[in-house]
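What follows is calculated from the coordinates using simple rules that are stated; it is not laboratory data. Quantities reported herein were computed from a predicted structural model and do not represent experimental measurements. In this analysis, Cβ positions are derived from the backbone assuming ideal geometry, glycine residues included, and neighbour counts consider all displayed protein chains.
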Amino acid sequence: MTHKLKIIIRGVVQGVGFRPFVYRLASEMHIKGWIINSSQGVFIEAESDKATLENFSGRIRSEKPANSYIQSFESSWLDAEGFTEFEIRESKEQGSKTALVLPDISTCPDCLDEIFDPNNRRYLYPFTNCTNCGPRFSIIADLPYDRCNTTMGEFEMCPECRAEYTDPLNRRFHAEPTACPKCGPQVTLLDNNGKLLAEKNDAIKIAADLIRGGKIVALKGIGGYQLICDARSSSASRELRLRKRRSEKPFAMMFPDLESVKRECDVSAEEERLLCSVESPIVLLKRKRGMDSIISEECAGSNPYFGIMLPYSPLHHIIMRELGFPVIATSGNISEEPICTTEEQAFEKLSGIADVFLVHNRKILRHVDDSITRIVNGREMMIRRARGYAPLPLVIEGIKGTVLAAGPHLKNTIAVNKGSNVFVSQHIGDLENVESINAFKNVVSDLTGFYELKPDRVICDMHPDYISTRYADSMKEKDQSIQVNKVQHHYAHVLSCMAESGLEGEVLGVSWDGTGFGTDGTIWGGEFLISGGAEFRRAAFLAPFRLPGGEQAIHDVWKTGYSLLYRVYGKDCDNLPNIEFLKNTAQTRLIRQMLEKDINSPITTSAGRLFDGASAIAGIRTKASFEAQAAMEFEFAAETFCSEEVKTNDYFTFETVKNSNGVYEISWSNIIRSLAEGASRGEAKGLLALKFHNSMAEMIVNTAKLLKINRVVLTGGCFLNKLLLERSISRLEEEGFKVYWHQRVPTGDGGISAGQMKFASYLK
């Protein structure tokens with residue numbers, strides 16, 4: 001007897017070859033019916049005997065395309081209609097838009113083979129793709145995912161491409177960005193005045209020659225521009241630093257292949273998998289010790305890690321095959337501004353940096369930076385979430401209505417929901433200039449418009465001066481029906497990790513970072529918070545200290561170091577020997593006066609600033625040219641010592657006292673005293689750094705024991721410190737605690753919007 005099975009599949013099922021897969025499966029099983037894309041997902045009606053249809057349903061789920069993700073699979077039995085064939089029908093707009101958009105993904109092996117096959121019609125064509133690879137998020141304007149709704153709509157397919165596109169058995173069946181040299185986008189090479197220098201393959205070859213010759217090329221990639229130069233050349237790297245105004249912060253690099261990466265770095269199996277994944281992020285890899293590197297010291301300085309990615313687009317593959325050596329591949333922007341996506345932006349912002357521009361005529365609809373990851377404790381850890389990952393959703397149950405999470409001030413992302421699907425945006429950046437603020441507004445408009453959302457609630461940070469908070473307040477001013485809820489910064493960090501880990505109920509959240517507005521109006525940053533749904537309890541915190549100069553102490557980290565010493569020793573700290581910044585008595589006298597008279601010296605509990613100050617006291621870094629530089633070099637010094645034959649689990653002692661409010665205050669005074677005395681005696685900086693890290697991990701363990709909560713969440717920017725995080729995990733697990741840390745959502749402020757969304761799930 002013939003039955004009809006209706007199937008509705010939601011998830012990542014568009015742009016991944018799902019329809020041709022189902023078509024081939026139905027043909028193999030002699031099933032009749034149809035499949036269609038809609039703005040809600042994939043709809044199937046299939047007719048055969050019941051056993052065959054049940055097998056068909058199971059095989060769809062078990063054999064689905066590798067890049068697809070089934071979020072929900074609904075089926076129901078209906079009366080048969082008597083279909084005579086199985087067909088792929090034209091897409092329809094049906095109801096609200098719930099289909100998931102695939103991120104931009106790297107070139108697949110089949111397309112690579114074609115690109116480098118001289119007999120293939122797509123030989124060296126830099127826009128080759130199929131249903132298994134290529135741009136998605138950066139080019140799609142609307143749902144459903146059809147060519148007319150992408151920036152490829154303006155390129156009319158030639159007969160050969162059209163034949164592939166309409167053949168259900170071809171891997172380019174409805175591959176929306178598909179093209180070839182006859183009908184698709186093309187590259188051109190322009191000088192920094194916009195004058196045409198070369199076209200097509202000649203443009204790529206000349207660009208490669210210029211890179212060999214030490215020039216800087218602005219390359220229009222998948223989600224925006226990159227600045228490319230020879231990573232082996234100190235002069236080219238130095239010139240890029242000068243022009244980009246980036247004095248010391250390490251550059252990301254692109255290597256031609258995995259073998260060249262392994263010559264420079266130690267690569268674990270997990271790191272290799274990440275490098276070669278469809279997401280193809282930048283991966284932080286440990287440099288090999290004791291070998292002559294071909295990479296200029298200008299690229300990463302003394303940093304023991306390289307940020308490395310492999311080619312992920314056809315254009316990258318072609319130019320890297322031509323070059324055969326590593327290049328710097330850094331964001332095409334002026335430092336702290338959003339990445340450029342249009343030729344107009346590129347020539348305005350980058351003409352003073354790049355010597356030439358390798359551009360193409362496929363529009364980029366939204367900026368998407370390269371994602372950054374690393375392996376921590378054997379698992380992937382997200383540092384910056386963008387290309388390859390955004391906008392795949394988190395699932396957070398219990399959110400009522402439509403919510404916009406406005407995110408933090410620094411490393412901003414925003415988030416919106418469609419039911420339980422929470423879409424965290426790509427990395428936006430620090431909201432500290434007009435360009436970044438405009439990018440923030442554009443992403444809000446883009447994500448809400450994409451899914452046709454009109455938020456009835458906005459969640460934002462408590463800090464009244466954050467741009468994201470002001471934006472939330474302005475929405476309320478324009479529409480009084482909108483609810484605005486504010487969540488404390490460090491609690492949002494905890495909730496972010498809970499959201500991605502699927503945690504409910506009570507946890508101890510260790511939320512350590514540089515800064516966040518506390519409920520008491522001071523600057524928090526060293527917090528132990530016990531969750532309680534929409535509320536939390538501050539159970540412990542690091543003893544407060546002052547930041548002379550306020551935000552300036554982030555860069556002049558010696559000022560924080562002096563503040564810590566003054567808190568411990570008083571005026572006697574000036575007499576400590578062998579501490580570099582104390583030798584400048586004129587500057588320390590000024591800082592002492594600021595502390596004594598409470599001039600521009602806000603109170604903080606910041607773990608991030610504590611690490612900065614400790615780095616200065618140990619003599620590792622007294623001034624930082626970029627955020628967290630001092631803390632990073634402090635970690636690296638500890639890590640280097642840790643890798644020597646002499647290792648230690650020793651730590652400096654500390655005190656924990658319960659205050660009048662019943663909250664534990666953790667004194668770091670003895671830690672700083674021991675650090676300063678060790679530095680004064682000339683002890684090895686690496687040993688001092690390692691003992692400090694051990695002390696901070698032990699502090700976490702001790703506090704967890706006092707609070708007697710078994711589930712511990714480690715979150716906040718301080719846990720980008722691999723040594724601190726792994727040491728804390730190890731010690732907590734030794735003591736029987738269940739430990740959670742970030743993997744899919746950034747532990748830094750890039751994860752705050754996800755935490756704000758989790759907060760929304762607790763609201764009525």
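Some points to look at:
- Cα centroid of region 489-568 to Cα centroid of region 699-764, whole Å: 12 Å
- Scoring 308-314, 734-740 by mean Cβ neighbours within 10 Å over their residues and listing the highest first yields 308-314, 734-740.
- For the pair M291 and A269, a Förster radius of 30 Å applied to the C-beta separation gives a FRET efficiency near 0.90, rounded to the nearest 0.05.
- Protection proxy ranking for 36-47, 663-674, 568-579, using the average of other Cβ atoms within 10 Å per residue and placing the highest first: 36-47, 663-674, 568-579.
- Cα long-axis angle, helix 557-569 against the chain (0 to 90 degrees, to the nearest 10): 40 degrees
- Degrees between helix 50-63 axis and first principal axis of the chain (Cα, 0 to 90, nearest 10): 40 degrees
- The mean sequence distance of close C-alpha pairs (under 8 Å, at least 6 residues apart), as a share of the length of region 3-88, puts its relative contact order at 51 percent.
- Only beta bridges with both residues in the chain are counted; by DSSP, about 70 percent of them are antiparallel.
- Rounded to 5, percent antiparallel among DSSP beta bridges of region 362-504: 65 percent
- Helical content of the chain, expressed as a calculated mean residue ellipticity at 222 nm, amounts to -10000 deg cm²/dmol (DSSP H runs of 4 or more residues, -39,500 (n - 2.57) each, divided by residue number, nearest 500).
- Helix axis angle, 18-28 relative to the chain longest principal axis, alpha carbon, degrees: 40 degrees
- Net charge of Cβ neighbours under 14 Å - reference R374; Lys, Arg +1; Asp, Glu -1: -2
- Beta bridge orientation in region 541-696: antiparallel %, DSSP, nearest 5: 75 percent
- For M632, net neighbour charge (Lys/Arg +1, Asp/Glu -1) across residues whose Cβ lies under 15 Å away: +2
- Given their separation in residues at 0.36 nm each and the Cα-Cα distance between them, L576 and K195 gain 131.0 nm when the chain is fully extended.
- Estimated at 0.36 nm per residue, the fully extended path between D257 and D456 surpasses their Cα-Cα distance by 66.8 nm.
- For the peptides 68-78, 678-688, 222-232, 201-211, the ranking by mean Cβ contacts within 10 Å, running from highest to lowest, is 222-232, 201-211, 678-688, 68-78.
- Formal net charge of residues neighbouring V434 (Cβ-Cβ distance under 11 Å; K, R +1; D, E -1): -2
- Loop-resident sites, region 425-480, for chymotrypsin sites (Phe, Trp or Tyr not before Pro), counting at most 10 other Cβ within 10 Å (DSSP): none
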